[in-house]
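Remarks on the structure that follows.
The values are calculated or read from the model by the stated rules, or taken from the named source; none is laboratory data. This one's a predicted model, so the numbers in the text were calculated from it and none came from an experiment. Glycine gets a Cβ as well: all are built from the backbone with ideal geometry, and neighbour counts include every protein chain shown. The accessibility values were calculated without ligands, DNA or RNA, using every heavy atom of the protein model including side chains. Shrake-Rupley method; radii C 1.70, N 1.55, O 1.52, S 1.80 Å.
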Amino acid sequence: MIITAWSAMSPHGTDTGDVAAGMVSRRPLADGPRPVPDFDPRSFLGRQGTRTMNRATALAVANAARLRAADDEPSRVGVVLGTTNGSAQSILDLNRDSLTAAKPYHIPPSTILNAAMNGVAGQCAIWHGLKGPNATLAAGRPTILLALGYCRRLLMTGRADAILAGAAEELSEARSWSRDPGTGQVPLAEGCAMLRLVPAAAGGLAEVTAVTSTAVTDGDIGAAVTRAAHRALSRTPGEPLWAALGSGMTGDAEFRALTAVCRPLTPLPPMTESLGQTHSATGSFQMAALLSHAAADPGSGGRLALLTAVEPAGVVAAAVVRITGGSGDA
């Protein structure tokens, strides 16, 4: 399975090139909450249909627009997006409206749509007329790594010719109340990163060679990361690593395990350090960061990169990609 292009909006900006430059240079960001600057859905998507969109949906729809190819057959393009629990703000808005409206069922339809966990993926498909497989995976930070395996099966079995995969997280009042024991006081950040995946392509940016997952047992995150990483790397024995990148955990358990597995290579700084806490979008931004570093390093071509992601609830995922070349930002 080949990654042919990617698109992202983050606290570094709405332009994919600015996002790439920010992640490579590790440009400092504000200490507090980190929104996507200057993102107005109407400016990117127009006024029609955007008034009732929540921010996560708008971010995803805008990024998906950049990844559409002119010769795409809409019925053969799928959408696979990750989430933590959907839009926390929309869920709370739905609960509030059901209690404060004149009658419990006097709720705007758009509120119900936005509160659905698969609302973002559904809106992406509707907005762009994509009729291929449409799915939402809820696995927190490892979502996109787990989704890669799912997307590969869809592509290899002929269910789709291309898939737009990624995740979006909005910065809302409701999400600001969240407390993640895995990242302590890391600032909350919003954003969306998406990949365009195809079964085979001439060139492309990277080839996904392995995806594995495991569970944390006895609270030992380091051991789980080690197991998942070794399983993923066993699919390409003997090939040297060019880079490794983790999702970021308080106490550095993930980073220490990744360092031991990849020695003498030093992993890139975790995403929580370079971007902030993006929850389900973390894995997508990890992939975007790797591709950004690869585009800036002529020596990355043909070499392997390892990604790991940890969800405090107990899931660890690892993926190995082979860098093939190009920048590919949409």
Identity of the residue in the stretch 30-53, touching a residue at least 60 places away in the same chain (Cβ under 8 Å) and in contact with a Gly (Cβ under 7 Å, 6 or more places away or on another chain), that ends up surrounded by the most Cβ atoms within 10 Å (Cβ to Cβ): VAL36
Set ALA189, ALA147, ALA162: member being touching a residue at least 40 places away in the same chain (Cβ under 8 Å), surrounded by 22 or more Cβ atoms within 10 Å (Cβ to Cβ), among the small types (Gly, Ala, Ser) and more than 26 Å from SER247 (Cα to Cα): ALA162
Enumeration of residues in the stretch 273-313 that are part of a loop (DSSP other than H, G, I, E, B) and open to solvent by less than 10 Å² (accessible area, probe 1.4 Å): LEU275, GLY276, THR278
Pair list, Cβ under 8 Å, 6 or more apart: the stretch 210-223 residue on the phi < 0 side of the Ramachandran plot and part of a loop (DSSP other than H, G, I, E, B), other residue surrounded by 16 or more Cβ atoms within 10 Å (Cβ to Cβ) and β-branched (Val, Ile, Thr): VAL216/VAL310; VAL216/VAL315; VAL216/VAL316
Members of the stretch 100-140 that are assigned to a helix (DSSP H, G or I) and over 30 Å from GLY158 (Cβ atoms): THR100, PRO109, SER110, THR111, ILE112, LEU113, ASN114, ALA115
Helices (runs of 4 or more DSSP H) lying entirely in the stretch 1-75 (those with 2 or more residues that are among the basic types (Lys, Arg)): 55-67
Residues being within 19 Å of MET117 (Cα to Cα), surrounded by fewer than 20 Cβ atoms within 10 Å (Cβ to Cβ) and touching a Ser or Thr at 6+ places or on another chain (Cβ under 8 Å) - total across the stretch 54-92: 0
